[in-house]
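Enquirer: The structure is given below, and queries will be raised subsequently.
The values are calculated or read from the model by the stated rules, or taken from the named source; none is laboratory data. Here the structure is a predicted model, which is why all the values come from computation and not from measurement. Methodologically, a virtual Cβ is constructed for each residue, glycine included, from the backbone with ideal geometry; neighbour enumeration extends over all protein chains shown. Heads up: the accessible areas ignore ligands, DNA and RNA and are worked out on the full protein's heavy atoms, side chains in. Shrake-Rupley method; radii C 1.70, N 1.55, O 1.52, S 1.80 Å.
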Amino acid sequence: MSRRDFVRLTGACAATLAAAGVAPAGGEAGDLDADRRGVLVDLTVCIGCRRCEWACRNENNPPAGELHECDDQSVFRSRRRPTSTQLTVVNRSPGPAGGRPVHVKTQCMHCEHPACASACLVGAMRKTPAGPVIYDASRCIGCRYCMVACPFQYASYEYDNALTPQVKKCQLCGNRTQRGELPACVAICPVEALTYGRRDDLLRIAHERLRSCPDQYIDHVYGEHEAGGTSWLYLSDRPFSELGFPTLGSSSPAALTEAIQHGIFKGFAAPVMLFGLLGAVGKLMHAPKESP
Amino acid sequence: MRAALAAIAVLAAIGAAGAPRSAERPVDRGRTAPTMASPTCLGCHASFGADADVPVNRGRFAHAGDDRVGASAARRTGTPDVVIIGDLANLYGAVVFDHRVHADMSQIAGGCVNCHHHAPEGSPVSACRECHAPERSAGTPTHPSLKGAYHRQCLSCHRDWSHENACGFCHTEQAATGGARVVDASALAHTRFPRLEPSATYRYETPQAPAALVSFQHRDHAQSFGLQCVDCHRAGSCAGCHDGSQGPQESMHRMDSCRSCHAVNACGFCHDQQPRPPFDHAVATGWDPGPQHQHTPCVSCHGRVEAFLRPSSNCRGCHGGLDPQTFDHRITGVPLEGSHAQFACVRCHDASRAEAPATCHGCHADRSYPPQTPGQRN
Ligand code: SF4
């Protein structure tokens, strides 16, 4: 191979790679149903009664214990994260002197473009078109990459289960919603701080509230854009950063890595090209020398 | 165990299970209307016709005028005393809601519209269930169900002043038998709700040197002078009175609150160099009201609070309407028995001199009142 041939070949490879599109893919919104579901949380309404914690336990990890045990406010002394037996927890942020504290219910946010699903090697975490991000224990190999990838750190692991540990997180009560029921936490909430519905409707409702009661809220729907958008959306009267919400950009953490990976491997063009090139080089190198 | 829990879960999910029964059952505790003169309900509540019992919200000052009836006018309007909110009970028992107490208190902080939020001034007051359906509706996700509405409404104030959100504050946890325990709200009143204990006297340091001190006799105003809370406290909030962690209501520190009744220009009427003791009728006027008149509101003898009239020194000036045949002497603390019960008043009392104590000398040379009282003293 002459030097000119070599340059020509590498140039062609680069052009093919570029054409394959390494530009960020920006997730896969096209795969999601237009009426995918979500939950809107109005933090100005939540009273911190923790009945949602009880209902969640009752649904996912019974027995849930006595209802009045939820009245124990001492749990608010430290900030809690969901655990493998308590998939949703309510935290309290003290209010200004004499003012109301704010209670924040936390659970898997069911991202529109979930980093956990992206990080999973075996497809055990999956974003369903209807909204929920669900976990398939039969595929899981226990690597816990999903937990590391989650920008909210809301997934947890059954460390105390030596033989068949699973990753645990809110599944948005798939069993219940298929029966036409509300997710357990939404159903029990005595003040209806939680609204379950189409994500598009929830966003419309949220913006309507912000418009009609501008004094009552800060002008921000958390989850509309955070981490590329989440199924759980929050309204608040205090800046979210003061309430323990991570400050996130509007693109999914999975977007860049996926764009590079998927771009390179799209249509398997890059590997074919690379190995083609290497093969050609190898062949040329080992071609019998022409006798002068 | 699992099955029972599942059943509870289903109940929880259904939330407002069951067809609506009589959702809010008014219970008349049979309180009597106060005896003070007051305008008739129809004067304000035009809709209280023969066939209409719908109160009309006339706004926050409706019951707070000079007539001093305060919210007590509500007591004659057909509004319920106690409402048992039990329609939606499932995990918890019914709530005994003392509507009258809340109606009275609401006059301090905005009026009926505080809770009946879609009853702006002049419009009929509607019950919660008229707008809020028992079931949560997917069609109107922004509109709370009846249960959500109740909870939001009550807790929006309660959690502010009590810093509590425990369900047991209002509910009894549902008994295993399913029957809701109905509790007499009056029995709960001071067990669940902190008793309001305002100081007898509030002392204010003012910049009005040298007479910088104002001693405000709260107990006298509230108990003896016959004032209702709403007469002074008008722009309050629930937390303003009930939240022990807050000081006295800020708005009450201003002089105009006093001047709305005391139209006097002499600073010394309120300002002094020394703290002033509570009002003592005997010291201030020379007439000791004694045990008989100790709890008589000032207005009973002196007329309107703003301009106290000097009452006649003749007992009949006040007690002219007393019928000796029907008068129950026991209310004076001196029950009469035997022949004493038959006497005309003047046999013991000098009706022309109110300050004169009853005498025994007309019949008993060796006895005198009060050391020796006829009959048994209570
Ligand atoms: S049940 Fe509702 S009000 Fe109670 S803590 Fe959960 S979200 Fe807040």
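Enquirer: What three numbers, in Å, describe the spread of the alpha carbons of chain A along their principal axes, ordered from the longest?
Expert: The Cα atoms of chain A stretch 96, 50, 38 Å along the principal axes, largest first.
Enquirer: Now for a different question. To the nearest 20 Debye, how big is the dipole of chain A about its Cα centre, given +1 on the beta carbon of each Lys and Arg and -1 on that of each Asp and Glu?
Expert: Computed charge dipole of chain A: roughly 860 debye.
Enquirer: Label-point separation (nm) for B:HIS340 and B:LEU196, each offset 7 Å from Cα along Cα-to-Cβ?
Expert: About 4.0 nm, to one decimal.
Enquirer: Put +1 on the Cβ of each Lys and Arg and -1 on the Cβ of each Asp and Glu in the stretch A:37-254; which of A:GLN86, A:CYS143, A:THR247 then has its Cα farthest toward the positive end of the dipole?
Expert: Of the listed residues, the answer is A:CYS143.
Enquirer: Note every residue of the stretch B:143-167 with a reduction of at least 50 square angstrom in accessible area, all protein chains present versus the isolated chain, computed with a 1.4 Å probe, or write none.
Expert: Those residues are B:ARG152, B:ARG159, B:ASN165.
Enquirer: Let me ask something else about it. Roll a 1.4 angstrom probe over the protein heavy atoms and tell me the percent of accessible area of chain A that is carbon or sulfur.
Expert: On chain A, the fraction of accessible area on carbon and sulfur atoms equals 56 percent.
Enquirer: Filter the cross-link list A:LYS105/B:LYS147; A:LYS168/A:LYS266; A:LYS127/B:LYS147; A:LYS168/B:LYS147; A:LYS169/B:LYS147 down to pairs whose alpha-carbon distance in this structure exceeds 26 Å. Don't skip to the answer; put the middle values down first.
Expert: Working: A:LYS105/B:LYS147 20 Å; A:LYS168/A:LYS266 32 Å; A:LYS127/B:LYS147 34 Å; A:LYS168/B:LYS147 32 Å; A:LYS169/B:LYS147 29 Å.
Listed pairs above 26 Å: A:LYS168/A:LYS266; A:LYS127/B:LYS147; A:LYS168/B:LYS147; A:LYS169/B:LYS147.
Enquirer: On to the next question. In square angstrom, what is the accessible area per residue of chain A with a 1.4 angstrom probe?
Expert: On the way: 14860 Å² over 292 residues.
Averaged over the residues of chain A, the accessible area is 51 Å².
Enquirer: Do any residues of the stretch A:61-80 lose at least 50 Å² of accessible area when the full set of protein chains is present rather than just their chain alone, and if so which, with a 1.4 Å probe?
Expert: A:LEU67
Enquirer: On to the next question. Using DSSP H assignments, which helices in chain A have an axial alpha-carbon span of 18 Å or above and a mean Kyte-Doolittle hydropathy of -0.5 or higher?
Expert: Helices meeting the criterion: A:3-20, A:253-265, A:269-286.
Enquirer: In square angstrom and rounded to 100, what buried accessible area do you get between chains A and B, total over both, with the probe at 1.4 Å?
Expert: 2500 Å²
Enquirer: Restricting to Cα pairs below 8 Å that are 6+ residues apart, what does the relative contact order work out to for the stretch A:37-254? Please round to a whole percent.
Expert: Values: 413 pairs, mean separation 59.6, N = 218.
Relative contact order, the stretch A:37-254: 27 percent.
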